[in-house]
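Asker: After the structure tokens below, expect a handful of questions from me.
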Amino acid sequence: MRLPSRMLLILGAVALVGAGLLAGVFFAAQWHYGRQLPPVAAIRDIQMQVPLRVYTRDGKLIGEFGAERRAPMRYEQIPQRIIDAFLAAEDDRFFEHPGFDWKGLVRAGFVLMTTGQKSQGGSTITMQLARNVFLSPERSYVRKFKEILLAIKLEHELSKQEILETYLNKIFLGQRAYGVGAASLVYFGVEPDELSWAQAALLAGLPKAPSRDNPVSAPDRAKERRNYVLRRLRDLNKISELDYQAGIAEPVTLKFSLPLVEVDAHYVAEMARAEAVGRYGEAAYTGGYRVTTTIDSARQSVANRALRSALIAYDERHGWRGAETHLPERLLAETTLQKPSTLGLGAFLDSLPSAAGLVPAAVVSFDAGKLRLLSRSGLIELDPEDYKWAGLSPKKTVQRGDVLRVRRDGERWKLAELPEAQGALVALDPRDGSLVALVGGYDFLLNKYNRVLQAHRQVGSGFKPFLYTSAFQFGFTPASVVLDAPVVFDDANLESAWRPENYGGDFKGPMRLREALVLSRNLVSVRLLQAVGVDYARDFISRFGLPKDRMPRDLSMALGSGTFTPMEMARAYCALANSGFLIDPYFIDEISDSRGKQVFKAKPKIACPECAQMIVDSSGAAGKAAVAPASGASAANAPVAQPSGEGLAPRVVDARYVWMVDDILREVVTRGTAAQAKALGRGDIRGKTGTTNDETDAWFNGFTSQLVAITWVGFDQPQPLGRGEVGGKASLPMWMDFMRAALKGLPETVIPKPDSLVPVAVDPRSGHLVPSDTPGAVVENIPADRLQQAQTEALQAPREKSVGEDDLF
């Protein structure tokens with residue numbers, strides 16, 4: 001039946017009014033909600049929350065910090081395979097729609113009307129980006145409407161390529177991975193352009209439900225979703241039937257990968273993290289900053305091995321302490337030779353403290369000399385030579401289920417244990433103070449305490465070179481004679497009478513300062529400090545950068561009772577290595593932001609001996625005798641020559657006095673307490689051992705003009721290391737292992753002798769000048785302006801008392 005014309009007009013009018021009302025509602029809603037939306041231009045400034053990454057100077061990764069893993073890529077860097085996979089999974093009409101897909105929205109609306117279920121269908125990639133960047137995760141009609149509005153704005157202001165690039169860099173794909181660049185590395189350990197079709201499809205299947213479909217926690221769900229994406233790719237003619245069949249047949253094989261730390265320098269990485277946070281606040285973790293340190297990766301690796309080797313050697317010298325723990329009863333059944341299993345055992349062993357190179361393993365059996373253990377990776381057998389140091393025997397044995405540590409030694413496994421003693425190693429370039437290598441303990445993951453920066457320890461005889469330098473400034477020379485004999489001091493600053501001793505308890509009588517420092521004679525150093533004056537020495541020695549307030553104001557200072565960190569000692573020794581300049585240690589070379597723009601560049605002050613004109617001290621110090629000091633010696637803070645020009649380190653010590661100490665420290669290595677270092681076969685090595693009371697701290701402070709390295713061994717809670725564990729035994733081997741590799745290929749160089757030092761013949765017993773042809777005479781170098789004084793005093797009384805001789809009893 002036909003409707004009357006009047007009715008048709010009425011219906012048409014109603015339809016027009018309805019359409020007008022709908023349009024009005026739409027534009028009203030658009031105006032209302034549009035005002036609440038952020039400007040789309042802000043998407044160009046989206047911070048991808050790229051983590052902070054720390055590198056060695058030669059570009060090796062040593063640390064990454066940040067809650068999210070990202071590896072942003074430009075659109076042209078994203079493989080087409082990944083683009084096709086994500087479009088097939090999420091939005092195959094992406095390059096055709098204006099930001100929203102009306103077909104998908106109609107489909108989602110139909111599902112809602114027929115089932116009452118809200119569907120995620122209809123969300124284009126552009127809408128997902130709008131939601132992820134600008135909107136909350138709530139599911140409501142208002143939010144969906146805002147998505148559409150934002151998507152339209154995005155499509156209006158950005159190109160399709162810009163939208164897709166941002167989406168593929170920002171989308172969350174599980175396991176803290178944001179973006180396809182990071183996800184490729186996290187799940188498969190490869191770059192995006194190395195992914196197979198099946199791997200690309202697996203990643204493309206994750207945005208819908210990255211937790212539910214995660215291949216780590218739900219491999220079956222992930223495979224099902226992956227196969228769906230592969231079918232979509234086939235249906236869209238992006239892959240062939242052959243590719244599809246190969247893809248669904250490919251097993252889900254993960255190579256779950258954390259950021260690959262290429263060099264173990266965790267202590268330095270933590271230092272860099274703290275510095276970055278200090279500069280940029282919490283934004284340091286998300287701003288994509290790249291911190292390049294001054295660390296040399298090869299030397300850092302050598303430093304790690306040297307320290308760990310020294311601590312393991314110390315541990316083995318002092319015997320095995322027994323099993324670390326014991327397996328629970330429920331796991332003992334797994335430790336059998338018949339059916340070794342690591343199912344439950346592995347989890348238990350993984351729960352034990354991590355320590356570099358020290359692998360936990362459970363005892364399976366110990367008989368006929370064979371010690372069999374089960375580690376996370378399988379069965380390990382140790383022969384008697386592999387555990388000889390522990391003294392295992394029928395009387396000192398182990399039981400099945402005991403948990404021990406083993407370590408690799410070449411092709412063999414050897415018994416080990418977690419070290420109780422700790423150590424530190426720091427190496428600086430004395431020319432500019434750059435940090436070359438730093439190890440703050442056996443393993444950062446075992447103990448984060450950075451002993452290089454935080455351990456204030458007594459330094460023992462390693463302090464003596466600075467005391468001797470002050471004495472040379474005061475008026476002494478290497479030829480000056482001081483008495484090595486017993487003495488008792490009633491020092492008002494000490495609680496009781498003090499009876500210092502030499503290590504070993506012997507005495508050598510009068511001796512030249514050269515011999516006293518080479519042999520590290522304590523009593524000579526105490527008398528020398530008494531002659532120079534405690535206040536004078538403290539003032540002068542502070543020039544080396546050692547904090548004055550940590551130098552005791554008493555004679556015990558001569559024996560290194562002051563407390564300093566290994567870094568402070570390294571800085572001080574740099575002034576001996578570079579001819580008297582005080583450098584400032586630094587470890588960050590440059591910082592760049594996420595765009596690669598340099599935001600910080602180090603400008604270290606350089607030690608430059610050739611840049612400074614020597615100025616003879618005008619206060620009288622230059623006129624003192626070579627054999628002994630006299631009253632009226634110069635003040636400790638007498639001026640020294642300064643280099644001119646910006647960027648140059650200040651000279652803090654006269655080059656003559658530095659050279660005199662340097663020449664003595666050369667003999668410490670050739671015939672003194674560090675004679676083992678001769679094995680390195682170099683003539684440019686200088687150094688000084690250091691040992692504190694009861695062998696509590698063992699140091700070696702050594703250098704060339706190109707590299708300063710300080711090593712320390714001790715317990716975090718001070719206690720004796722054991723009789724004989726002096727610096728030359730506990731610490732020097734670490735230093736030698738490091739320097740053997742660190743100096744390889746470097747030519748030998750020494751600081752030049754100043755022209756104002758002149759060689760003279762002296763009597764080795766009295767220190768007086770003698771004719772050069774005198775039998776038994778030795779050659780010393782003294783400042784030229786002290787030569788006349790020395791000649792005069794040599795012609796005076798036939799025998800002068802040695803410094804300290806009046807104290808003899």
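Asker: Which residue is surrounded by the fewest Cβ atoms within 10 Å (Cβ to Cβ), if the candidates are limited to segment 517-537 and must be within 23 Å of ASP694 (Cβ to Cβ) and out of contact with any Leu (no Cβ under 8 Å at 6 or more places or on another chain)?
Answerer: Step by step, filter segment 517-537, then rank; the result is LEU519.
Asker: Go through segment 445-461 and give me each residue that's open to solvent by 10 Å² or more (accessible area, probe 1.4 Å) and charged (D, E, K, R).
Answerer: LYS448, ARG457
Asker: Here is a further query. What do you reckon, is LYS223 farther than 28 Å from ARG176 by Cβ and buried (at least 16 other Cβ atoms within 10 Å of the Cβ)? Show your work before the answer.
Answerer: Values: farther than 28 Å from ARG176 by Cβ: no; buried (at least 16 other Cβ atoms within 10 Å of the Cβ): yes.
Taking the combined requirement at face value, the residue does not satisfy it.
Asker: Sticking with this one: Looking at SER377, SER365, SER434, SER351, which one is hydroxyl-bearing (Ser, Thr, Tyr) and modelled with pLDDT of 95 or more?
Answerer: Values: SER377 fails: modelled with pLDDT of 95 or more; SER365 fails: modelled with pLDDT of 95 or more; SER351 fails: modelled with pLDDT of 95 or more.
Being hydroxyl-bearing (Ser, Thr, Tyr) and modelled with pLDDT of 95 or more holds for just one of SER377, SER365, SER434, SER351, which is SER434.
Asker: Restricting to segment 364-395, count the residues that are in a strand (DSSP E or B), among the small types (Gly, Ala, Ser) and over 37 Å from the mean Cα position of the chain (by Cα). Steps first, answer last, please.
Answerer: The first filter runs over segment 364-395 and keeps only residues in a strand (DSSP E or B), leaving 364-367, 370-375, 378-382.
From what's left, among the small types (Gly, Ala, Ser): 365, 375, 378.
Okay, now just the ones that are also over 37 Å from the mean Cα position of the chain (by Cα), so 365.
The number of residues fulfilling the criteria is 1.
Asker: Same structure again: Quick one: which residue in LYS548, LYS464, LYS508 is touching a residue at least 40 places away in the same chain (Cβ under 8 Å), on the phi < 0 side of the Ramachandran plot and not hydrophobic (A, V, I, L, M, F, W, C)? Please lay out each step first, then the result.
Answerer: Values: LYS548 fails: touching a residue at least 40 places away in the same chain (Cβ under 8 Å); LYS508 fails: touching a residue at least 40 places away in the same chain (Cβ under 8 Å).
Only one candidate passes the filter, namely LYS464.
Asker: Restricting to segment 156-195, name every residue that is surrounded by fewer than 19 Cβ atoms within 10 Å (Cβ to Cβ) and not basic (Lys, Arg).
Answerer: Pass one, segment 156-195, residues surrounded by fewer than 19 Cβ atoms within 10 Å (Cβ to Cβ): 156-157, 159-162, 172, 176, 189-191, 193-194.
Within segment 156-195, HIS156, GLU157, SER159, GLN161, GLU162, PHE172, GLY189, VAL190, GLU191, ASP193, GLU194 meet the criteria.
Asker: Look through segment 167-181, keep the residues that are in a helix (DSSP H, G or I) and within 17 Å of PRO79 (Cβ to Cβ), and return whichever of them is farthest from the chain's Cα centre (by Cα).
Answerer: Looking only at segment 167-181, we keep the residues that are in a helix (DSSP H, G or I), and these are 167-170, 180-181.
From the residues that got through so far, the ones that are within 17 Å of PRO79 (Cβ to Cβ) too are 167-169, 180-181.
Details: TYR167: 35, LEU168: 33, ASN169: 30, VAL180: 29, GLY181: 26 Å.
Only one residue fits best here, namely TYR167.
Asker: Then there is this: Only residues in segment 86-100 that are touching a residue at least 40 places away in the same chain (Cβ under 8 Å) count as the first member; pair them with residues that are among the hydroxyl-bearing types (Ser, Thr, Tyr) and open to solvent by 40 Å² or more (accessible area, probe 1.4 Å), Cβ under 8 angstrom, at least 6 apart or cross-chain, and list the lot.
Answerer: ALA89/TYR228
Asker: Let me ask something else about it. Looking at segment 73-90, is at least one residue outside any helix (DSSP H, G or I), modelled with pLDDT of 60 or more, basic (Lys, Arg) and open to solvent by less than 80 Å² (accessible area, probe 1.4 Å)? Talk me through it step by step, then tell me what you get.
Answerer: Step one: filter segment 73-90 for residues outside any helix (DSSP H, G or I), giving 73-74, 78-79.
Right, trim to modelled with pLDDT of 60 or more and you get 73-74, 78-79.
Now narrow it down to the ones that are basic (Lys, Arg): 74.
Of the ones still in play, those that are also open to solvent by less than 80 Å² (accessible area, probe 1.4 Å) are none.
Scanning segment 73-90 turns up no residue that is outside any helix (DSSP H, G or I), modelled with pLDDT of 60 or more, basic (Lys, Arg) and open to solvent by less than 80 Å² (accessible area, probe 1.4 Å).
Asker: Moving on. Spot the failing condition for PHE476; the list is (1) open to solvent by 10 Å² or more (accessible area, probe 1.4 Å); (2) in contact (Cβ under 8 Å) with a residue 24 or more places away in the chain; (3) over 40 Å from the mean Cα position of the chain (by Cα), and only one is missed.
Answerer: For PHE476, the exception is condition (1).
Asker: Also, I was wondering about something else. What number of residues within segment 738-787 satisfy the criterion of being within 30 Å of ALA313 (Cβ to Cβ) and open to solvent by less than 60 Å² (accessible area, probe 1.4 Å)?
Answerer: The initial filter retains those residues of segment 738-787 that are within 30 Å of ALA313 (Cβ to Cβ), namely 738-746, 748.
This time we only want the ones that are open to solvent by less than 60 Å² (accessible area, probe 1.4 Å), so: 738-739, 741-743, 746.
Residues meeting the conditions: 6.
Asker: Related question: Name every residue in segment 264-282 that is open to solvent by 10 Å² or more (accessible area, probe 1.4 Å), closer than 23 Å to ALA177 by Cα and within 18 Å of the chain's Cα centre (by Cα), in order of residue number.
Answerer: Across segment 264-282, the qualifying residues are HIS266, GLU270, ARG273, VAL277.
Asker: How many of the residues making up segment 649-665 are assigned to a helix (DSSP H, G or I), under 31 Å from the mean Cα position of the chain (by Cα) and either hydrophobic (A, V, I, L, M, F, W, C) or farther than 16 Å from LEU467 by Cβ (or both)?
Answerer: Result for segment 649-665: 1.
Residues checked against (1) under 30 Å from ARG231 (Cα atoms); (2) open to solvent by 50 Å² or more (accessible area, probe 1.4 Å); (3) at pLDDT 90 or above; (4) in a loop (DSSP other than H, G, I, E, B):
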position	(1), (2), (3), (4)
TYR244	yes, no, yes, no
LEU260	no, yes, no, yes
ALA284	no, no, yes, no
ILE295	no, no, yes, yes
ARG305	no, yes, yes, no
ASP315	no, no, yes, no
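Asker: Okay, moving on. When you scan segment 399-444, how many residues do you find that are open to solvent by 10 Å² or more (accessible area, probe 1.4 Å), under 16 Å from LEU349 (Cα atoms) and in a loop (DSSP other than H, G, I, E, B)?
Answerer: So the count comes out to 3.
Asker: Please go through segment 665-689 and give me each residue that is farther than 14 Å from TYR573 by Cα and open to solvent by less than 10 Å² (accessible area, probe 1.4 Å), ordered by number.
Answerer: VAL668, VAL669, ALA674, ALA677, ASP684
Asker: Counting just the residues of segment 321-332 that are assigned to a loop (DSSP other than H, G, I, E, B) and open to solvent by 30 Å² or more (accessible area, probe 1.4 Å), which one comes out modelled with the lowest pLDDT?
Answerer: Start the filter on segment 321-332 by keeping residues that are assigned to a loop (DSSP other than H, G, I, E, B), which leaves 321-324, 327-328.
Right, trim to open to solvent by 30 Å² or more (accessible area, probe 1.4 Å) and you get 321, 323-324, 328.
Numbers: ARG321: 93, ALA323: 94, GLU324: 94, PRO328: 88.
Filtering segment 321-332 for residues that are assigned to a loop (DSSP other than H, G, I, E, B) and open to solvent by 30 Å² or more (accessible area, probe 1.4 Å), the one modelled with the lowest pLDDT comes out as PRO328.
Asker: Looking at segment 211-230, is at least one residue within 36 Å of the chain's Cα centre (by Cα), closer than 20 Å to GLN49 by Cβ and part of a helix (DSSP H, G or I)?
Answerer: Checked against the condition, which is being within 36 Å of the chain's Cα centre (by Cα), closer than 20 Å to GLN49 by Cβ and part of a helix (DSSP H, G or I), segment 211-230 yields no hits at all.
Asker: To continue, here is another question. Can you name every residue in segment 226-242 that is open to solvent by 20 Å² or more (accessible area, probe 1.4 Å) and either in contact with a Pro (Cβ under 9 Å, 6 or more places away or on another chain) or aliphatic (A, V, I, L, M) (or both)?
Answerer: Within segment 226-242, the subset open to solvent by 20 Å² or more (accessible area, probe 1.4 Å) is 227-228, 231-232, 234-238, 240-242.
Selection gives LEU236, LEU242.
Asker: For ALA455, are the conditions met, namely being at pLDDT 95 or above and under 12 Å from the mean Cα position of the chain (by Cα)? Walk me through how you get there before you give the answer.
Answerer: Numbers: at pLDDT 95 or above: yes; under 12 Å from the mean Cα position of the chain (by Cα): no.
Criteria not met by ALA455.
Asker: While we're here: State yes or no: is ALA201 open to solvent by less than 30 Å² (accessible area, probe 1.4 Å) and either assigned to a helix (DSSP H, G or I) or within 13 Å of ASP84 (Cα to Cα) (or both)? Reasoning before the result, please.
Answerer: Values: open to solvent by less than 30 Å² (accessible area, probe 1.4 Å): yes; either assigned to a helix (DSSP H, G or I) or within 13 Å of ASP84 (Cα to Cα) (or both): yes.
Spelling it out, ALA201 is indeed open to solvent by less than 30 Å² (accessible area, probe 1.4 Å) and either assigned to a helix (DSSP H, G or I) or within 13 Å of ASP84 (Cα to Cα) (or both).
The values are calculated or read from the model by the stated rules, or taken from the named source; none is laboratory data. Note that the coordinates shown come from a computational prediction; the quantities given were computed from them, not determined experimentally. FYI the Cβ positions are ideal-geometry reconstructions off the backbone, even for glycines, and counts take in every protein chain you see. Heads up: the accessible areas ignore ligands, DNA and RNA and are worked out on the full protein's heavy atoms, side chains in. Shrake-Rupley method; radii C 1.70, N 1.55, O 1.52, S 1.80 Å.
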